[in-house]
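Peer 1: Before we start, here is the structure in question, set down as structure tokens.
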Amino acid sequence: MDNRQYLQMFFDESSEYLQLLNENVLLLEGDPENEEVINAVFRAAHSVKGMSATMGFTKLTDLTHKVENILSKVRNKELHINEEIINLLFAGLDHIKQLIEDIKNNGEEVSDVRDYLNQLDDFLNRDQNSGQASVREVTAQEYDFTSYLSLSEEEQQEIAQKIKEQDAIYNIEVVLDESCLLKNVRGYMILKKAQELGYLAKSYPTLKEIEDEDFGLSIYFILVSSMFTEDMEEILKDIVDVKEVILEPSELTIFPAVKEEEAREDKQKSPKSLANIQVAPTVRVDINKLDLLMNMVGELLINKTRLEGLKISSEIYQDIIQQLDRVTMELHHIVMQIRMVPIGGIFNRFPRMVRDLSKELTKEIELVVEGADTELDRSIIDELGDPLMHLIRNAIDHGIEHPAEREKKGKSSKGTILLNAYQKGSEIIIEVEDDGAGIDPDFITRKALKKGLVTTEEVENMDDKEKLYLIFHPGFSTSEEVTDLSGRGVGMDVVKRVVESLDGQVFIESEQDLGTRFIISLPLTLAITQALMVKIDQEIFAIPLGAISETLMINPNDIRQVRGQDVIVLRDTTIPIVEGSCKLNLNVEYGKYTEREEISVVIITSGERQVGLIVDELLNQQEIVIKSLGNYLVNTKNISGATIVGDGDVALILDVRNIA
Amino acid sequence: MEAVLEMEKDYQPGSKKQIVIFQLGTEEYAVDITHSREIIKPTKITKVPNTPDYVRGVINLRGQIVPVIDLRKRFNITVGKADKKKERIITIESRDTLVGLVVDSVNEVFWLNLTELEPAPEIEGGIKQEFIQGVGKKDDRLLILIDMERLLFADREAESEIM
């Protein structure tokens with residue numbers, strides 16, 4: 001069988017289950033008696049096993065099977081959760097993850113997990129002695145048929161409704177093979193088959209329990225049928241993984257009752273049981289298809305804008321344009337919605353990391369996650385994992401102090417890292433905040449000087465804030481002793497680069513001994529945005545609205561000079577002004593704006609910096625579809641992309657971050 | 001690595017390659033037809049600031065933004081006056097990027113016998129040798145075959161390494 005088409009599904013689902021497992025095992029560590037969590041862990045582990053078996057990955061199947069054994073003992077209260085089990089489980093999850101990675105990278109399971117399997121066996125054997133008594137008890141019980149399947153009064157009446165002259169009632173036990181991997185599927189098949197053979201009065205486990213795989217190796221049921229026992233036995237034995245079929249006539253004697261509604265009830269019965277296994281009505285869609293869809297919506301938008309530009313003074317035209325406007329807006333909105341996924345998807349991998357690292361570093365750290373349901377464009381989320389991981393690692397490694405040190409400072413010995421996400425206007429804000437030591441600006445500058453990243457003169461002109469931002473300098477790594485966690489040279493500059501490549505920004509706030517907060521702001525979506533169109537030297541440029549705080553018309557008399565730089569004073573703030581044509585190196589004479597009567601200025605905000613950009617003319621505000629300039633022009637200074645405006649012309653998008 | 005393999009494949013005896021021949025100044029140049037997408041008439045080009053002078057700007061090609069390079073400027077060709085009416089843009093795809101080349105005119109499409117392809121001689125004052133894949137002949141006309149990937153990305157990469 002060619003499994004390749006299912007591989008992607010396998011990777012997607014297994015990583016989801018692994019995530020779920022990690023989360024729940026973590027929960028279990030804090031709340032060992034929570035049966036709901038134990039069941040959730042068991043089910044997830046079981047699903048992974050089933051998937052691996054279906055795909056034919058033997059090592060993975062074996063491994064998950066063993067892990068599942070432990071879990072099953074925990075569930076049956078034969079084992080009690082302790083640190084050893086939790087550590088074993090976590091180690092197991094890591095091995096499973098490794099094997100899946102292997103398959104992803106090499107197409108086969110390369111890693112050797114034998115050591116771990118032995119470890120598991122040892123553990124289970126060690127435990128065997130204490131658990132044996134209870135195991136035996138269960139075995140003894142299993143063969144007591146009637147204790148499982150005693151029929152209530154109503155059920156007996158039900159049988160009386162169904163039973164026909166030549167029918168007999170049977171007690172049947174079907175025993176599955178121990179190596180059976182898909183017990184729920186087999187069990188389901190057995191009961192379905194039984195329903196074909198006659199009327200299935202009652203079963204233990206029930207169909208629902210079988211779906212949850214909440215049963216041992218035997219399935220018991222009472223069947224009302226007119227078939228010969230040998231035939232039934234043969235049919236049931238033909239089902240894969242069935243080891244034994246024990247069939248005996250029941251001692252029950254029920255006579256057929258008068259019945260009219262038999263046919264109808266039969267019909268009702270089967271769809272009902274099928275309905276139980278229906279999956280949630282969702283579809284998995286290739287992200288590329290969504291990108292394509294987004295592109296098409298972009299095209300539609302461009303053409304709509306072109307249509308609007310026609311300015312035909314007909315009532316019908318106005319009507320159509322309005323309708324079209326509404327439909328495209330809605331369509332855009334929906335496509336964006338589809339692409340949005342909750343950021344929790346990446347937040348969820350951090351609790352485990354924080355646990356492991358804080359143990360390793362003997363620090364006490366609590367991770368608080370807020371706003372995990374905040375939604376962001378899928379393509380942005382995928383990129384965010386690594387930068388966030390880096391920030392959290394930094395907070396654990398450099399931020400939070402050791403318990404003794406914290407107590408000396410008068411703080412609680414347990415440090416807190418807050419991971420928070422929320423929407424603010426058209427931006428998504430993600431904060432990583434710790435209540436640790438804070439960043440010492442002077443330490444940063446000393447380091448930067450030592451590494452030759454800045455000169456002494458440059459440092460003299462810097463305030464504390466600017467000094468902090470030196471950590472984003474490529475090649476800057478503050479870790480004195482290089483640990484396994486952070487300080488591997490690939491540092492904060494990577495965080496900054498990734499965030500900026502997503503059209504976002506990173507800020508730092510830090511207070512000595514109080515803590516540090518990293519703030520990442522990101523656009524809601526990358527593809528379409530509102531922009532102000534301006535004219536500079538006869539060309540039209542787009543400035544994303546998110547970066548603009550306001551636009552002004554100023555008089556040349558308003559311009560002041562500070563250290564040779566033209567500035568304006570706006571509500572008591574001094575804002576430097578720069579000429580757009582100068583920033584773009586356009587071939588025109590600079591400084592001519594002072595001769596104009598009125599000067600159009602766009603106030604651009606980037607972080608805490610503000611700059612007034614002088615343009616020739618302010619045009620309209622419109623929705624633009626952001627397009628890349630392509631590989632060839634990718635690093636063009638002060639230009640971040642292009643868009644297509646009404647008449648099919650290209651307008652460039654100003655990269656205002658670098659201008660401000 | 002791939003380029004080398006491609007070359008070896010190309011140089012098999014008797015193999016032929018279809019090329020697009022175009023005019024730049026007084027000389028005839030050519031690109032492999034498998035690299036070229038289409039030939040279009042000049043449309044409105046939007047200048048892009050902060051780019052080398054041989055980048056004329058970008059055009060809107062059915063919704064896609066395509067950078068356009070002036071090959072005359074790229075190769076420092078000053079001889080001969082171009083007839084604006086005959087000017088064309090050849091779009092080239094290389095490394096998943098579409099780039100337009102402004103040429104004086106497109107002359108013809110031709111099957112070039114690869115055995116006749118000779119290594120590039122150093123041409124004085126003209127195109128750098130490293131951008132030439134070889135020189136071919138059609139009757140007594142010389143055709144300079146351009147290595148598109150080198151032309152588009154070689155010096156760009158060098159630039160970014162320095163940065």
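Peer 1: Be a star and scan region A:332-368 for residues whose amide nitrogen sits under 20 Å from the point 7 Å along the Cα-to-Cβ vector of A:ILE508.
Peer 2: none
Peer 1: Given a 1.4 Å probe, how much area per residue of chain A is accessible, in Å²?
Peer 2: Numbers: 35010 Å² over 660 residues.
That works out to 53 Å² per residue.
Peer 1: As a test of the formula, what do you get for the protein assembly as shown when each DSSP H run with n ≥ 4 contributes -39,500 (n - 2.57) and the sum is divided by the residue count, at 222 nm and rounded to the nearest 500 deg cm²/dmol?
Peer 2: Calculated from helices alone, the mean residue ellipticity at 222 nm is -12000 deg cm²/dmol.
Peer 1: Follow-up. Given axes a ≥ b ≥ c from the Cα gyration tensor, I'd like to know whether region B:40-79 is rounded (a/c under 1.5), prolate (a/b larger than b/c) or oblate.
Peer 2: Oblate is the answer for region B:40-79, as a/c is 1.5 or above yet b/c matches or exceeds a/b.
Peer 1: While we're on this one: Would you mind calculating the relative contact order of region A:292-398 from Cα pairs under 8 angstrom and at least 6 residues apart, reporting the percent as a whole number?
Peer 2: Once divided by the residue count of region A:292-398, the mean separation gives 28 percent.
Peer 1: Percent of accessible area on the protein assembly as shown owned by carbon and sulfur, 1.4 Å probe? Each step should come with its number before you reach the end.
Peer 2: Working: 21260 of 43950 Å².
It is 48 percent, rounded to a whole number.
Peer 1: Can you give the relative contact order of chain A as a percent, counting alpha carbon pairs under 8 Å and 6+ residues apart?
Peer 2: It comes to 8 percent, rounded to a whole number.
Peer 1: Ok, one more. Going by average Cβ neighbours within 10 Å, how do the peptides A:105-114, A:207-216 rank, with the highest at the top?
Peer 2: Top of the packing list down: A:207-216, A:105-114.
Peer 1: Hey, which of these cross-link pairs are over 25 Å Cα-Cα: A:LYS450/A:LYS496; B:LYS16/B:LYS86; A:LYS59/A:LYS237; A:LYS97/A:LYS414; A:LYS202/A:LYS237; B:LYS44/B:LYS85?
Peer 2: Those over the limit are B:LYS16/B:LYS86; A:LYS59/A:LYS237; A:LYS97/A:LYS414.
Peer 1: Follow-up. Please report, in Å, the Rg and the Dmax of chain A, where both are computed over Cα atoms only.
Peer 2: Cα radius of gyration and Dmax of chain A are 34.0, 110 Å respectively.
Peer 1: So for A:ASP647, A:ASP397, what's the accessible-area order with a 1.4 Å probe, most first?
Peer 2: I get A:ASP647, A:ASP397, largest accessible area first.
Peer 1: Which of B:GLN18, A:VAL498, A:LEU300 sits closest to the plus end of the dipole of the protein assembly as shown, meaning its Cα is farthest towards the positive end, when Lys and Arg get +1 and Asp and Glu get -1 on the C-beta?
Peer 2: B:GLN18
Peer 1: Contour minus end-to-end for A:VAL588 and A:MET9, with contour as 0.36 nm per residue of separation and end-to-end as the Cα-Cα distance?
Peer 2: Stretched out fully, the A:VAL588 to A:MET9 stretch lengthens by 202.7 nm.
Peer 1: Using label points projected 7 Å from each Cα along Cα→Cβ, tell me how many nm separate A:THR573 and A:GLU154, to one decimal.
Peer 2: Distance between the two pseudo-spin positions: 7.1 nm.
Peer 1: R0 = 56 Å: FRET efficiency of A:ASP31 with A:GLU460, Cβ-based, nearest 0.05?
Peer 2: Here the calculated transfer efficiency is 0.50.
Peer 1: Continuing with the same structure: Just want to confirm a number: the relative contact order over region A:528-659, from Cα pairs under 8 angstrom separated by 6+ residues, in percent.
Peer 2: On the way: 261 pairs, mean separation 40.4, N = 132.
31 percent.
Peer 1: If you don't mind, another one. Remind me, what semi-axes does region A:528-659 give for its equivalent ellipsoid, largest first in whole Å, using sqrt of 5 times each Cα gyration tensor eigenvalue?
Peer 2: They are 25, 15, 14 Å, listed from largest to smallest.
Peer 1: Now a separate question. Name the residues whose placed amide hydrogens come within less than 5 Å of the amide hydrogen of A:THR416, ignoring near sequence neighbours (fewer than 5 apart) on the same chain.
Peer 2: Correct list: A:GLU366, A:ASP435.
Peer 1: Give me the lysines in straight-line cross-link reach of B:LYS47: C-alpha distance below 20 Å, same-chain residues under 8 apart excluded.
Peer 2: Hits, sequence-local ones excluded: A:LYS535, A:LYS583, A:LYS627, A:LYS637, B:LYS73, B:LYS84.
Peer 1: Across region B:53-70, in residue order, what do the Karplus-derived ³J(HN,Hα) couplings come to in whole Hz, using 6.51 cos²θ - 1.76 cosθ + 1.60 with θ = phi - 60° and x for Gly and Pro?
Peer 2: Rounded to whole hertz, the list is 5, 7, 8, 6, x, 10, 10, 9, 9, 6, x, 9, 8, 10, x, 10, 10, 8.
Peer 1: For B:THR78 and A:GLN318, what is the calculated FRET efficiency with R₀ set at 56 Å and r taken between the beta-carbons, to the nearest 0.05?
Peer 2: 0.55
Peer 1: Nearest 100 Å², what total accessible surface is buried between chain A and chain B (probe 1.4 Å)?
Peer 2: Working: alone 35990 and 9940 Å², together 43950 Å².
When A and B are taken together, about 2000 Å² of accessible area is lost.
Peer 1: With only alpha-carbon atoms counted, please give the Rg and Dmax of region A:2-130, in Å.
Peer 2: 14.4, 46
Peer 1: Still on this structure, please answer the following. Hey, what angle do you get for helix A:35-55 against the long axis of chain A, alpha-carbon based, 0 to 90 degrees rounded to 10?
Peer 2: 90
Peer 1: List the aspartates and glutamates whose alpha-carbon lies under 13 Å from that of A:LYS77, not counting same-chain residues fewer than 8 positions away?
Peer 2: Correct list for A:LYS77: A:GLU33, A:GLU35, A:ASP127.
Peer 1: Just how large is the dipole of region A:542-627 about the Cα centre, in debye to the nearest 20, putting +1 at every Lys and Arg Cβ and -1 at every Asp and Glu Cβ?
Peer 2: 320
Peer 1: A further question on this structure: In nm, give the distance between the simple-model label positions of A:GLU84 and A:GLN119, each being 7 Å from the Cα along the Cα-to-Cβ direction.
Peer 2: Label-label distance for A:GLU84 and A:GLN119, simple model: 1.3 nm.
Peer 1: Taking H placed 1.01 Å from N in the peptide plane, check which residues at least 5 places from A:LEU79 or on another chain put their amide H under 5 Å from its amide H.
Peer 2: A:VAL74
Peer 1: OK, next. Show the residues, 5+ positions off or on another chain, whose built amide H is closer than 5 Å to the amide H of B:LEU61.
Peer 2: Distant-sequence amide H within range of B:LEU61: B:VAL66.
Peer 1: With +1 on the Cβ of every Lys and Arg and -1 on the Cβ of every Asp and Glu, and nothing else charged, how large is the dipole of chain A about its Cα centre, in debye rounded to the nearest 20?
Peer 2: It comes to approximately 1480 debye.
The values are calculated or read from the model by the stated rules, or taken from the named source; none is laboratory data. What you see is a predicted model, and the numbers here were worked out from it, not measured in a lab. Cβ sites come from the backbone with ideal geometry, for glycine too, and all protein chains shown count toward neighbours. With ligands, DNA and RNA removed, areas are computed over all heavy atoms of the protein, side chains included. Shrake-Rupley method; radii C 1.70, N 1.55, O 1.52, S 1.80 Å.
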